[in-house]
Every structure is written in structure tokens, then in C-alpha cells.
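Note sheet for the following structure.
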Amino acid sequence: MRSTLGITVLILVLWCTGVVKSQQRSREDHDAIKYVKLVPAELKSLKYTSSTGRLYRTQSATWTTLGPQPINMEFNTGVSSGRVASLAVDPTNANIVYAAAAGGGLWKTTDGGTTWNPLTDDLPRLASGSVAVDQTNDQIVYYGQGELHFSIDSYPGSGFYMSTDGGTTWAQIHLPGSLYYTGKVEVAPSDHNVVYTCGYYDIYKSTDAGQSWGELNLTPVDSIGYAGAVQDLAVDPTNASVVYAVKGSSFSDPFDTSFGVFKSINGGTSWTRTSAGLPASKYITRISIAAAPNNNQVLYVGINGTNPLKPSSDTTRAFKTTDGGSSWTVMQINSDYGGGQGWYNNMVAVDPTNASVVYVGGIDLWKSTDGGSTWTNLTKAYSTGNVHPDQHALSFMPGTGNFFLGDDGGVWKTTDGGTTFSDCNTNLQVTQFYAVGIDASNSSLTYAGAQDNGTDRNISPSNNWSEIYSGDGGYVTVDPTNSNIVYGEYVNGALVRSMNGGSGFSPIVTGLNGDGYWTTPYQLDPNNTSILYTATDRAYKTTNKGTNWSAVSAAVKGTGDLVTTMALSAAEPNVLYAGISGYRGGDAGSFLYVSQDSGKTWMDITINGDSTNDFARVTADPTQKGVAYLAMLQSPEVMKTTNYGTSWTPIGSTSNGFNGEPAKYICVDSTTGYIYAGTYDGVYITTNGGGTWSKLGTGLPNAVVDDIAIQYATHSLRVATHGRGGWEVDLATGIARSVETPTEFSLAQNYPNPFNPATTISFKLAADSYVTLKVYDVLGREVATLMKGKQKAGEHSLTFDASKLTSGVYFYRIATSSFTETRKMILVK
């Protein structure tokens, strides 16, 4: 029998006096630092297996793209990329085009759309509003950020920018007011020194080619504190002082009488509303406007709002003026061209050579060649067309009626006035992913749900994706025990399931009542993959993989208050968290709840009882009971609880590594305890429980990171960005640590501590050493050998899984030829 007397005496000393260590400095030369990943928690083993260890080295951490380049669509729209908010064709070269992607920054092609290059990946944010090129100097480009489409995923930008070298470099322009969302940038056709831009809140003007700006004060705050937005503008082609601006809102405000079309004849010093023939303000939400380049008296507007003839219905209609806005006439289009969502897709453009040729874009693109008397649907996206629906932008090639078209699927080109279109989306990587999913059994597969581009699948190493379920995608989950079972969703809780690896999906909504949130949260129990949870305003549970559902609670907060985020604790699957979030700082407030009985009852754990603390999503720690995290939409960026939400502590802010950008999702590595935060400007990592944070790796564009997944088979991190597609970093080379060899030996305190059932143990070696690392119980009996063998100098970490041990106090001890140290840890089950 092995003697335990020595170690027992040592433990008793440690219990009373703390840690004792002995260290001698080595005189050996050091190899380049290497970090070894040891036992993953999934092995559920107490023994150390070094043969599959991987090396950790920091500075070489580089993100690589997963695409899409492009998405092969399921139906008849060919290939697709993502939403494009604005387009600008070079005034002298039709092959040079700028595309302002809704969430993916500004892109440029020099070969007519065959290939594209991103220009703004390093700007603080990538949400796009509008782009314009100086008509007399094509090296001058104006780019306004912030997407003014009023959708749930239309993000604010970081400002207004100008380039004088065709987009190679950018300077931020400081406007006199706030422009969080940009509706339009336009250089006056008759005077390139005059530039207008507009959005939320106002309209701004420069008379010196963008060097200085003034605010034109079209949107004073009304009596109830609301200003609306200047959504679009048009400048007279012959007189830079004559400008038209349209003001509206994302919803009809019966108290605001200022929505409509405005005209200034003195460069914006004063404004007159031009209302003859147009709907009253209360019938207006979104307006777009275009002026005929060859006739300064002809303008067209598209107006979305409540139909004054049918007050219960939404409609989008087009109007025309032939007298510079003094009077307007409605144009009869065969249908409501907005398709019930003209508040979102509503675009108007006039042929530069013929004022009678006009285009309006809603779900489809419509064309009139007789000034609006008759119309033809050019795209027919839902029937025979090959162009993606939801039109947002149109820019003509110089001197012709041919154009580039931007919509929810990317960029399209016509060289015959719209009779036929070809896609320009091959490498335009601007897909807006909501979520990413991995197959635990097949590391080559990645799944993702995209805005209006379906549920998609990628097979590595190709960057081409295939749409496997159409519409707007959302969360995607693969059963970790059966790769054939894939869960997805369409919007508002339309959950689906595939039993053949994504080749076909069927609805799984039996028993679910009422709509869910836009991207409805659902959670699979990793301990029992037949069990899933989802929520509308109340929680639902299935015990047969979604075949039918049962409500397990009343409304979590109140009837109609939809749950926006949900998290299931893998450490204790009876614990659920549910959040009703003020999405991106909405007025409704953010509320958080926890259930410790599988969703039957809920307790309010709203942060400090203050619903103004807005968050995006909640995450349950995968190995620690009672521990959860919140991704905050304001500073501090990350909050943590260790007591089921009774109290919350900030662990991530500008004071310890963040840039001040909102966070969208928190992910915890179950094998290391490292925490990752997806934010508006990339991914941050902490390796010390939130003590310090740093940006993870290089090469990831500053796009919004909506979701994170860890592929443990390759130990890689995969992210869904909302505008730049999917990206991956190898965590074996991506952990941000010092590259210098440690100057001394040390054994760190395990993290987390207390723990259940796994914890991470780290140590530093100042020289190559033969190392033993063992675990003892409180009586000094050895319960595990975690390491026994020669290790390189550097920082090392391993995961100790104590799932087979009982709760209690344990000690772990490291020994080399020149150093020993012992520390205490506590297992709480």
C-alpha cells in the first residue's frame, strides 16, 4: 500500500497556512514558448492523455473566412450574398461600382461586378447607409454609415466618411449633429462642391466638397419629443440650391404633422412642405424620392403608410410631379409594390436620359416607360424571376439606361434596361447571419441562419454555401448524438426539423400557440437530446424532439411580452434563463428571469431591478451551477452572476479591455473556462474569468458578431457576423497570451473554484522539465494523476474533470526537479 503520511502532513500545513512552494531558477536555454492543450472535458476521464495535445501560440492567431462566397439558393434566384443598402457607379467607368452593404461595410468592384474588394473592414462599425461618388472627380467618395431601413437588424453606424483616393483610405467627417443612420448622400449635379446628406436625425450640407458642414434643421423635435428622420433627398440637376427632402418615421405618428415632402430653393435655409395631392402625415411612414436628371420639374416619390381609403391596411404608392413639387398625381401600379413592407423596401429611380422611364422597387422591381401610366414587373422574384426580392438600391451606368440593382440578396446587373439580369455576388461576402451551428461529429460542416437568405450549410474547405431551408433563417442546432437531426427555424417561432442531415425539413410546431420573437430562441438539452425548450411569451417543452410541445408555464413576464433570449444550463438542465430584451436599447426595457424547475415557475432577476440595463442575450455557464452571463448593449459589456441572478457583477468594460462597443453574445469554452464575447466590433477573450479582456486574433472585420460556436473536435471558434458572413479561428493558435518564456515556475489557482464538475489548472515552466501533477483528497489519498512526463518551457493548462468524485476539498500538486507547489480546490455538486 502506498504511504500517504507525507502528503497528509503537507495538506494539513497548507490548510492552516496557505500555499507553500519551493523554486530554483533554471540556467537552461529556453525554446520558443509553446502552450499545450490537454484533456478536453468531453473525455470524462481522470487520466492525462498527452498524445493528442495541441500547441498554443499566441501572435499567429488569424481569422479565416468561411464565406459565403456565394450562397447557392434553393429556389430560382441563382446565387446570393446579403443585403445591399446603396450603390454608386463611377461616373466615367461603368465597371467601377461601390456597394454599401447593410451590415458589411463598403465594397468596390473594378470589373463590373465579377469580383469585389472590401474597403472598410477596419472602420469602427460596418453598418452602411449610403454611398456617393463625386461626378467630376471619381476619386472622391462619400460614405454615410448606419442603415435607415427600420428593420430589427438595421444597425447604427459610427459616422460619416470621405475618401479622396477611390476608397483606399478614409477620413471621418464630423457633422454638426448626430447621424446615427444615413438615408442618402448626394453630390449636387450642377456643383460638385455642394454635398447633402440626411438621415436620423436631420439633413446636412457642405459647400466645400465635404470639408465643412452645416445642419439644415428640417427635423426639430416635436411636442412629444420625437423628431422623425429625413429618409431621402434629391437635388435639382440644374441648381444646387434647390433641394427636396422627405421626412417620415418607422411608424405613423398621429401627433406629428410634419411628415411628408419638403422643398428648399435657398440651399436649405428655409423649407416649404409640398403636399398638394399627397397623403396627410398620419398616412406616411417611409418615403423615397428621385429627380429626373434631364428635366428639373419632374420628380417621383414612393410613399408607404396606412392606406387612407382602407385605414386597416398598409400600402405603398408612387406619386409624380411635373411642376417641381407644386402638385402631385398618384401613379397606378398593378399592385401595392411594397408588398406590405414598403416601410422597409421602398426605392425610386429615374432613367438619366428619359424622364418618363421610372423604376420603383419594393418586393420586386417595377418599370414604367410612359411616366407612370403603365408598369411592368421586371423581377417576379416569387415566381419566374432570378433576382432576389426586396429592392433597396439602383444606380445607373454613365450615359445609359442600364444599371446595377441592390437588394436583400446582393447586387445584380442589367445591360438591357431590365429585361434580363445577371448576379454579381460571387465573392461579395456580406451575408447577415443571425446564428451559427456546428456538427459535433463532423468538423467540416457549418450551419447558419441568415437574414432573408435562409438556413444555409457549408462543407469545408469550400466557401460556397447552400440554402437548405428558405426565407429568413435563425438559430440552427445539430443533435450532438445524431448528425441527421438538424433543427432550424423561420421567423416568429416557425420551428422546423430535418431527419436527414438537412436535405429536407418539416414543421415542428404542434402545441405551440402564438408567435415567437423574430429569431425565436430554443434550447436543446445536451444531457437528453429528446428534450428541447422554446418560448413565445411563455415557455414550452418537448420530450420527443419537437414532434409536439406543451406549455410548461404561464407568461414569463406578461401576456404578449415575447422572450427574446433563452439559455439552458448544461451543468443542471433543470435551470433555464429567459430574457425579454430591450433590443439594441429599445424603449420597452430589458427583463430577466430564471427557472430552477424546468420552466414551470420563474423568478425575476432583472439586473439590480433596473430594466434600463439593456442586454442582447443570456448564456448559462456550461460547467458551473448558478453561473450565467449577459451580453450587454451598454457598458459594462459583460455581466456575470454566480448565484442564479440574485446579484450581478460587471466583468467586462472599457476599464479592462473593451472598446465600448455593445456585446451581442457570450460563449464559454467548457474545456478551458475561457470566455468569449461577440460584439459590434469583433470577438474579445478573457483567460482569467473577466479580469482582463483582449481582441481575439487578427483579420476579423469589425462587423457585428451575432453568435459564436466552438467546434471541440478541432478546437476552433466559429462566428456568425451580421454582414460579413462566417469566420473561424483555431483556438490552438488563437489564445491571447504572452509569447515570452516565463522567468519562473508557478502553479496557478484553478478556474473556476469552486467548480462542478470540471475546472482548468494552469502552470508555468521556466525550463523544459519532467512534470508530475496529481490530485489528492483531504486525507492525502491520490485520486488522479493528471500529468507525468517531460514538458516544454512555457505556459500550460489542462482540464480536470471530477464528475466521478464526490463533493469536497481536494488538493493538486505539481512537482519538477527544481520546484513543487500545492493548491486547494473545492468541488461542489
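The set of residues in segment 687-704 that are outside any strand (DSSP E or B) and either open to solvent by 10 Å² or more (accessible area, probe 1.4 Å) or more than 30 Å from Q451 (Cβ to Cβ) (or both) comprises T687, N688, G689, G690, G691, T692, W693, G697, G699, L700, N702, V704. When we screen V719, V729, V783 for residues that are open to solvent by 10 Å² or more (accessible area, probe 1.4 Å), in contact (Cβ under 8 Å) with a residue 12 or more places away in the chain, touching a Phe, Trp or Tyr at 6+ places or on another chain (Cβ under 9 Å) and among the aliphatic types (A, V, I, L, M), the only hit is V783. In segment 183-198 there is no residue matching the filter, namely being out of contact with any helix residue (DSSP H, G or I) (no Cβ under 7 Å at 6 or more places or on another chain), closer than 30 Å to S581 by Cα and in a loop (DSSP other than H, G, I, E, B).
Checking A802, A748 one by one, the residue that is open to solvent by 10 Å² or more (accessible area, probe 1.4 Å) and within 42 Å of the chain's Cα centre (by Cα) is A748 and no other.
Residues that are assigned to a strand (DSSP E or B) and open to solvent by 10 Å² or more (accessible area, probe 1.4 Å) within segment 421-436 comprise S422, D423, Y434, V436, listed in sequence order. The criterion of at least 1 residues that are more than 17 Å from the chain's Cα centre (by Cα), buried (at least 21 other Cβ atoms within 10 Å of the Cβ) and of a type outside the set (A, V, I, L, M) is met by the following strands (runs of 3 or more DSSP E) wholly inside segment 95-173: 97-101, 105-109, 128-133, 141-145, 160-163. Each residue in segment 174-206 was checked for being at pLDDT 95 or above, open to solvent by 30 Å² or more (accessible area, probe 1.4 Å) and over 26 Å from Q391 (Cβ atoms), and 5 of them qualify.
Of the candidates T329, T321, T316, T306, the single residue that is open to solvent by 50 Å² or more (accessible area, probe 1.4 Å) and at negative phi is T329. Can you name the residue in segment 378-391 that is open to solvent by 20 Å² or more (accessible area, probe 1.4 Å) and modelled with pLDDT of 90 or more and, of all such residues, is nearest to Q341 (Cα to Cα)? Looking at the filtered set, the residue picked out is K380.
Taking the listed residues Y344, Y337, Y359, the one that is open to solvent by 10 Å² or more (accessible area, probe 1.4 Å) and within 35 Å of the chain's Cα centre (by Cα) is Y344, with no other qualifying.
Looking for something touching a Pro at 6+ places or on another chain (Cβ under 9 Å), closer than 22 Å to A318 by Cα, part of a strand (DSSP E or B) and modelled with pLDDT under 95 - is there at least one such residue anywhere in segment 260-274? Within segment 260-274, one or more residues are touching a Pro at 6+ places or on another chain (Cβ under 9 Å), closer than 22 Å to A318 by Cα, part of a strand (DSSP E or B) and modelled with pLDDT under 95.
Quick check on segment 677-686. Is at least one of its residues under 23 Å from I438 (Cβ atoms), more than 19 Å from the chain's Cα centre (by Cα) and open to solvent by less than 20 Å² (accessible area, probe 1.4 Å)? Looking through segment 677-686, at least one residue is under 23 Å from I438 (Cβ atoms), more than 19 Å from the chain's Cα centre (by Cα) and open to solvent by less than 20 Å² (accessible area, probe 1.4 Å). Among residues of segment 269-280 that are open to solvent by 50 Å² or more (accessible area, probe 1.4 Å) and of a type in the set (D, E, K, R), those with a beta-carbon under 8 Å from a residue that is at pLDDT below 95 and not in a strand (DSSP E or B) at least six positions away or on a different chain give the pairs R273/S258.
Might you let me know whether segment 244-255 holds any residue that is closer than 20 Å to M162 by Cα and either open to solvent by 10 Å² or more (accessible area, probe 1.4 Å) or modelled with pLDDT under 95 (or both)? No; the residues of segment 244-255 include none that is closer than 20 Å to M162 by Cα and either open to solvent by 10 Å² or more (accessible area, probe 1.4 Å) or modelled with pLDDT under 95 (or both).
Please go through segment 789-809 and pick out each residue that is charged (D, E, K, R), assigned to a strand (DSSP E or B) and within 20 Å of T672 (Cα to Cα). Passing the criteria: E795, D801. Taking I710 as the residue in question, decide whether it is free of Cβ contacts under 8 Å to residues at least 60 places away in the same chain, among the hydrophobic types (A, V, I, L, M, F, W, C) and either on the phi > 0 side of the Ramachandran plot or not in a loop (DSSP other than H, G, I, E, B) (or both). Taking the combined requirement at face value, the residue does not satisfy it. Residues in segment 504-551 that are among the polar types (S, T, N, Q), closer than 13 Å to V478 by Cα and touching a strand residue (DSSP E or B) at 6+ places or on another chain (Cβ under 9 Å): Q523, S530.
From the list D479, D452, D439, D472, the lone residue that is acidic (D, E), touching a helix residue (DSSP H, G or I) at 6+ places or on another chain (Cβ under 9 Å), open to solvent by less than 30 Å² (accessible area, probe 1.4 Å) and more than 13 Å from G726 (Cβ to Cβ) is D472. Here is the figure for segment 518-549: residues that are part of a loop (DSSP other than H, G, I, E, B), open to solvent by less than 30 Å² (accessible area, probe 1.4 Å) and at negative phi total 9. Listed residues Y712, Y665; which is of a type in the set (S, T, Y) and at pLDDT 95 or above? Going through Y712, Y665 in turn, just one is of a type in the set (S, T, Y) and at pLDDT 95 or above: Y665. In segment 550-573, which residue that is assigned to a loop (DSSP other than H, G, I, E, B) and under 20 Å from S670 (Cβ atoms) is least open to solvent (accessible area, probe 1.4 Å)? It comes out as S569.
When the residues of segment 810-829 are filtered to those that are among the hydroxyl-bearing types (S, T, Y) and part of a strand (DSSP E or B), the one that is nearest to V775 (Cα to Cα) is Y812.
Of the residues making up segment 395-424, those that are closer than 24 Å to G725 by Cα and of a type outside the set (A, V, I, L, M, F, W, C) are G406, D407, D408, G409, G410, K413, S422, D423.
Somewhere in segment 651-665, is a residue among the β-branched types (V, I, T) and in contact with a Cys (Cβ under 8 Å, 6 or more places away or on another chain)? No, because not a single residue in segment 651-665 is among the β-branched types (V, I, T) and in contact with a Cys (Cβ under 8 Å, 6 or more places away or on another chain). Checking the structure you have, find out if any residue of segment 672-683 is farther than 30 Å from G105 by Cα and of a type in the set (D, E, K, R). No, that holds for no residue. From the list A767, A758, A815, the one residue that fits, being under 26 Å from S569 (Cβ atoms) and either small (G, A, S) or open to solvent by 30 Å² or more (accessible area, probe 1.4 Å) (or both), is A758.
Going by what's in this entry, would D191 be described as under 20 Å from the mean Cα position of the chain (by Cα) and charged (D, E, K, R)? When the stated conditions are applied, D191 does not pass them. Within segment 628-639, at least one residue is at pLDDT 95 or above, small (G, A, S) and either under 22 Å from S611 (Cβ atoms) or open to solvent by 10 Å² or more (accessible area, probe 1.4 Å) (or both).
Looking across G723, G780, one residue alone is within 30 Å of N425 (Cα to Cα) and not β-branched (V, I, T). It is G723.
The values are calculated or read from the model by the stated rules, or taken from the named source; none is laboratory data. Note that this is a predicted model, so its numbers are computed, not measured. Note that each Cβ is placed from the backbone with ideal geometry, even for glycine, and that neighbours are counted across all protein chains shown. What goes into the accessible areas is simple: the full protein's heavy atoms, side chains included, and nothing from ligands, DNA or RNA. Shrake-Rupley method; radii C 1.70, N 1.55, O 1.52, S 1.80 Å.
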